[in-house]
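Each reported figure results from applying straightforward, stated rules to the coordinates on display, with no laboratory input. This one's a predicted model, so the numbers in the text were calculated from it and none came from an experiment. A quick note on method: Cβ atoms are made from the backbone with ideal geometry, for glycine too, and the neighbour counts reach across all protein chains shown.
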Amino acid sequence: MTTIFNVDKKERCILHCDLNNFYASVECLLNPCLKGYCVAVTGDQDMRHGIVLAKSNEAKAMGVKTAEAIWQARKKCPDLICVPPHYNAYVEYSKKVKEIYARYSDRVEAFSLDECWIDVTDTLPLLGKDGKQTADEIRETVKKETGLTISVGVSFTKSFAKLGSDMKKPDATTVITKENFRKTVWNLDVADMIMIGRKTAEKLNKYNIFTIGQLAKADDWLMKDLFGVNGIKILDAANGRDFTPVALSHQDRDIKSVGHGTTAAKDVGTYEDASNIIYFLCEMISTRMRRYKVKGKTVSLDMRDISLNHLTRQKPMPKHSFVTKDIAKAAVALLKENWRPDSDLPLRTITVAVSGLESSEGGEQQDFLYDDGRKAEKLENAVDTIREKYGFAAISRANYFGSDFITDKQCGDDDLLPFKRG
């Protein structure tokens, strides 16, 4: 009996699928008249979110870049058509594509709304195909059933699969193997590697590490000294020693932090206005924490001024909490410790986050002498019940009601949005 396809159990086959120009592509499906033109999905200029969130291939060819201001994009491309984002549509299309991925494996791990890893190691024998053939089939299926295109990286590690999907766009498959990865990826810029952001790349550059190949040959002690345990992980990834598994489709990710940020409608120059915004953000955060059934210990505050300089500080709360006033008290304290309205520049963007999370369903030590916070927790749970029945805007805090500084709408579903706030 002849085996159709032989898979070495030690050799993983991982795909990284990246939807091409996802948000702009969905807009062209919603409005076919946009197809073939320079299109950009942009934020609302009146709400000071006037940046490019996504762009079509035609706009990209004219030099339009994600995250640049609309006026900068229009300078490069005078005929640029700007359209507002339709978040619900992006979520729906993302779900449709992930349903296609699920036909090929039970290990489908989302990296973002438009990117996923798929581990097809165990399903290749059943399919009778190799990794590239499977990737090509998935590309054609996505195109046929949704009208969208994807680029796919095929490799033996998650990090190299991610690199592969970035190398050829749009609608292409790139294979990176144990035999060719040195020739294929080692000449790429070190910043192209997953886990390496701008600041990490700048630090590596100071040590004459500019390419992935130079990173792969770096000394262990240097990487550990510069970045701790993460330095060794980065070094291993560059050498093809990334054994991180692809999560099961139904496997829940541990929530590390819950945060929310906003760009104010106008410059914030007083403690009162900044505090009102902080309370608004903290209420959104505490609502999500209760939905996730977690409490947090550490509050961080990120402030970006009108010159786009930003400062981040954090401090612990007296105990774990999901109560708005507890989180806001810590955040406002950070505000007053690190920003002076009379001497510092006005603020443009404020972001609050809570980390050090633990389950809110377990037991905890009670205090016999002081209020243990249970009344506040019951009150906020009651507010959640009212909002579930009558809508999120049914009840609101008086201190920011009607504020012209706050541009975001209160919403219970904002964490489904494909763009980060702030």
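With contacts taken as Cα pairs under 8 Å and at least 6 residues apart, the stretch 56-162 reaches a relative contact order of 14 percent.
According to the calculation over all Cα-Cα pairs in the stretch 31-128, the P(r) per 5 Å bin from zero is 2, 12, 18, 15, 15, 12, 10, 8, 5, 2, 1 %. Are any of the pairs 256/315; 96/162; 293/325; 75/144; 65/217 more than 26 Å apart by Cα-Cα distance, and if so, which? Cα-Cα > 26 Å for 75/144; 65/217; rest within. Given their separation in residues at 0.36 nm each and the Cα-Cα distance between them, residue 35 and residue 232 gain 66.4 nm when the chain is fully extended. A simple spin-label model places pseudo-atoms 7 Å from Cα toward Cβ; at residue 122 and residue 225 they are separated by 4.4 nm. The simple spin-label model puts a point 7 Å past each Cα toward its Cβ; for residue 180 and residue 343 those points are separated by 6.1 nm.
Farthest toward the dipole's positive end in the stretch 56-145, which of 90, 110, 69, given Cβ charges of +1 (Lys, Arg) and -1 (Asp, Glu) about the Cα centre? Of 90, 110, 69, it is 69.
I need the calculated FRET efficiency for the pair residue 112 and residue 313, taking r as the beta carbon distance and R₀ as 30 Å, to the nearest 0.05.
That pair, residue 112 with residue 313, gives E of 0.60.
In this simple spin-label approximation, residue 247 and residue 130 carry label points 7 Å from Cα along the Cα→Cβ vector, and these lie 3.2 nm apart.
Each of 316, 265, 351 was scored by the projection of its Cα onto the charge dipole of the stretch 263-355, and the greatest displacement toward the positive side belongs to 316; charges sit on the C-beta of Lys, Arg, Asp and Glu.
Cα-Cα over 29 Å: which of 98/132; 199/329; 295/336; 98/206; 98/295; 35/158?
Cα-Cα > 29 Å for 199/329; 98/206; 98/295; 35/158; rest within.
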